[in-house]
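The values are calculated or read from the model by the stated rules, or taken from the named source; none is laboratory data. Bear in mind the structure is a predicted one, so any value in this text is a computation, not a measurement. A quick note on method: Cβ atoms are made from the backbone with ideal geometry, for glycine too, and the neighbour counts reach across all protein chains shown.
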Amino acid sequence: MKPCTYTTQFTAPHPDQLVPAILVQGGFKTPEQANDAMRRKAEEMARRVLSLTAPRSIISQYPFESAGNGVLKVSSAVLRSAKLYHLTRHYESPAGISVFLATLGHGFDREMEKIMEDSMLESLFLDAAGSVLIEHYVGLIEEEVKRRFASEGLEASLRFSPGYCDWETGEGQKALFSLIDAESIGVKINEYGMMTPIKSVSGIILGAGRISHRTPCPYCGKQDCPHRRESRSDTVV
Amino acid sequence: MKKSEYITILEKAVLDGNEAEILDILKKKGISPVGEKNVLAALSGGIEKARLKFRNGVISIPEFLLCIDAFKAGASLIKKGVRENRGIPVFIGVVEGDVHDLGKNIVAAVLSSSGYTVTDMGKNVTREKVRSCITGKKKAVVALSSMMSTSLAPMKDIITWIGETEPGIRIIVGGASLDHTIARTLGAHGYAESAVTAPDELKRILATLT
């Protein structure tokens, strides 16, 4: 697999599509629990987040080099996660790793600063809208990475980000930022690995000839983990 | 309208999150019939009722924040001097390294509307920033938050420094990277599991101040 760098075009969803997720992200157990006034406020924040953000992304694809002793090696970087390492040991012919970074841009941060002075409810919903929108964008990126892997005869894992499972945030972010030109899309990290603009998401997606499970969850004993994800049920662990 | 009736209506308007009604009452009837302190107490009374409803699962966080916004609208008509001299000062901030401040802002708003004099230290708060805020204060609370485990080391540093040099300061912590055990290990006096429990925890730790 040849290294390459590209971007995924952002396609804006209709504001109404964001509303149910904003309401749940904002604190309602279900979207139906919200009354009309709350729903209108969520709609307003959905429109606002779409009007003020300029989402950008960068994806760098690398050949899979080696995995051992609980780490994955990608070019000059070391990704330290025993669970991801364990997952790749079950993959047939691991061949590629795509490192991605997406951001809503600084406009969102500026609006959050302003809105917090005026209304706590609006700031909660705008923050939720930002989270929902960046997840939407990362979903588009995941689909594109999957398509590109498929064109090379590879299956794709789900995405993984530093801070989840046993992948430490600070060290993980620094490793990923050494593999992508984050500044080209205006994203920076501080010494603790925190990204700005605040609605930015980084991570990796693995590609292999045959993927038994798309996440390490089936191999993990932490049954009450809130981030547990569906893996794949058509194969036996 | 009787004084008690006026206060009851204000309290209910906060509980309903009805900002327009609060502004209408305070602008039309004025504040002087009951006095600024009583108006503020009524607004805080509404918040306390809303907080209990939220704690008991009757309302959700967005509905609770609607009440907070209603409180803020009413309180903005009260003189700053009255608003900002209500009990022990609380200095709140997000610890160095973290950039997430929505949770901190919500807690600050809840504490402020619950009757505390809250000063927002902002985000990326260092030990120096805390020192500059609490120097000269005999009694105060420092409230520190962190969403990320990466900020626990700087948080520990601030807590240790306060413990060694400022015996009259109480420390309460909160955020996604913490729990009761971690808070205790860091040396904090209290741990706020959520914005809604922060006033209860604050009350508990202040009772240990003589």
- Message: Name the single residue that is farthest from A:Phe108 (Cα to Cα) among those in segment A:194-223 being basic (Lys, Arg) and under 20 Å from the mean Cα position of the chain (by Cα).
- Response: A:Arg214
- Across segment A:35-62, what is the number of residues that are part of a helix (DSSP H, G or I) and either more than 10 Å from every other protein chain (Cβ to nearest Cβ) or without any contact (Cβ under 8 Å) to a residue 40 or more places away in the chain (or both)? 15
- Message: With the requirement that a residue be at the interface with chain B (Cβ under 8 Å from one of its Cβ atoms) and loosely packed, with under 13 Cβ neighbours inside 10 Å, what does segment A:2-29 give you?
- Response: A:Lys29
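Check segment A:192-212 and report whether any residue there is assigned to a loop (DSSP other than H, G, I, E, B) and closer than 17 Å to A:Glu92 by Cα.
Within segment A:192-212 (the criterion being assigned to a loop (DSSP other than H, G, I, E, B) and closer than 17 Å to A:Glu92 by Cα), the answer is yes, since at least one residue qualifies.
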- Message: Looking at segment A:76-87 only, could you name the residues that are part of a loop (DSSP other than H, G, I, E, B) and under 20 Å from the mean Cα position of the chain (by Cα)?
- Response: A:Ser81
- Query: Taking the stated definitions as given, is B:Glu48 in a helix (DSSP H, G or I) and either in contact with a His (Cβ under 7 Å, 6 or more places away or on another chain) or at pLDDT 95 or above (or both)?
  - Reply: no
- Item | Condition check for B:Ser60: under 30 Å from B:Met155 (Cβ atoms) and in contact (Cβ under 8 Å) with a residue 12 or more places away in the chain | no
- Item | Search result, residues across segment B:158-174 that are more than 16 Å from B:Cys133 (Cα to Cα) and of a type outside the set (Gly, Ala, Ser) | B:Thr160, B:Glu164, B:Val173
- Item | Hey, A:Lys73 of a type in the set (Lys, Arg), part of a strand (DSSP E or B) and out of contact with any Lys or Arg (no Cβ under 6 Å at 6 or more places or on another chain) or not | yes
- Item | In segment B:132-152, residue farthest from B:Ser194 (Cα to Cα) [restricted to those that are modelled with pLDDT under 90 and hydrophobic (A, V, I, L, M, F, W, C)] | B:Leu152
- In the set B:Lys79, B:Lys129, B:Lys123, which member is at pLDDT 95 or above and basic (Lys, Arg)? B:Lys129
- Are any residues in segment B:53-99 under 30 Å from A:Ser200 (Cα atoms) and either part of a strand (DSSP E or B) or touching a Cys at 6+ places or on another chain (Cβ under 9 Å) (or both), and if so, which ones? B:Phe91, B:Ile92, B:Gly93, B:Val94, B:Val95
- Message: Take B:Ile59 and tell me if it is farther than 20 Å from B:Ala198 by Cα, among the β-branched types (Val, Ile, Thr) and surrounded by fewer than 21 Cβ atoms within 10 Å (Cβ to Cβ).
- Response: no
- Does segment B:94-110 contain any residue that is out of contact with any Lys or Arg (no Cβ under 9 Å at 6 or more places or on another chain) and away from chain A (no Cβ under 14 Å)? no
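I'm trying to understand the selection: among the residues of segment A:166-188, which are within 13 Å of chain B (Cβ to nearest Cβ) and closer than 27 Å to A:Arg228 by Cβ?
Once the filter is applied, which keeps residues that are within 13 Å of chain B (Cβ to nearest Cβ) and closer than 27 Å to A:Arg228 by Cβ, segment A:166-188 yields A:Asp166, A:Trp167, A:Glu168, A:Thr169, A:Gly170, A:Glu171, A:Gly172, A:Gln173, A:Lys174.
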- Task: State yes or no: is B:Leu26 within 12 Å of chain A (Cβ to nearest Cβ) and out of contact with any Asp or Glu (no Cβ under 7 Å at 6 or more places or on another chain)?
- Result: no
- Message: Just the residues that are within 21 Å of the chain's Cα centre (by Cα) and touching a residue at least 40 places away in the same chain (Cβ under 8 Å), please, taken from segment B:149-175.
- Response: B:Met155, B:Ile158, B:Gly168, B:Gly174, B:Gly175
- Number of the condition not met by B:Leu52 [criteria: (1) out of contact with any Lys or Arg (no Cβ under 9 Å at 6 or more places or on another chain); (2) among the aliphatic types (A, V, I, L, M); (3) touching a residue at least 12 places away in the same chain (Cβ under 8 Å); (4) in the same structural domain as B:Asn38 (by TED's automatic domain parsing)]: (3)
- Item | Single condition A:Ser66 does not satisfy, out of (1) of a type in the set (S, T, N, Q); (2) surrounded by fewer than 17 Cβ atoms within 10 Å (Cβ to Cβ); (3) in contact (Cβ under 8 Å) with a residue 60 or more places away in the chain | (3)
- Query: Is it true that A:Glu32 is surrounded by fewer than 21 Cβ atoms within 10 Å (Cβ to Cβ) and in contact (Cβ under 8 Å) with a residue 12 or more places away in the chain?
  - Reply: no
- Is there a residue in segment A:88-108 that is assigned to a helix (DSSP H, G or I), among the charged types (D, E, K, R), more than 14 Å from chain B (Cβ to nearest Cβ) and surrounded by fewer than 20 Cβ atoms within 10 Å (Cβ to Cβ)? yes
- Message: Which residue is nearest to the other protein chains (Cβ to nearest Cβ), if the candidates are limited to segment B:113-144 and must be at negative phi and without any contact (Cβ under 8 Å) to a residue 12 or more places away in the chain?
- Response: B:Glu128
- Task: Pull up segment A:123-157, narrow it to residues that are farther than 19 Å from A:Gly203 by Cβ and buried (at least 24 other Cβ atoms within 10 Å of the Cβ), then point me to the one that is farthest from the other protein chains (Cβ to nearest Cβ).
- Result: A:Ala129
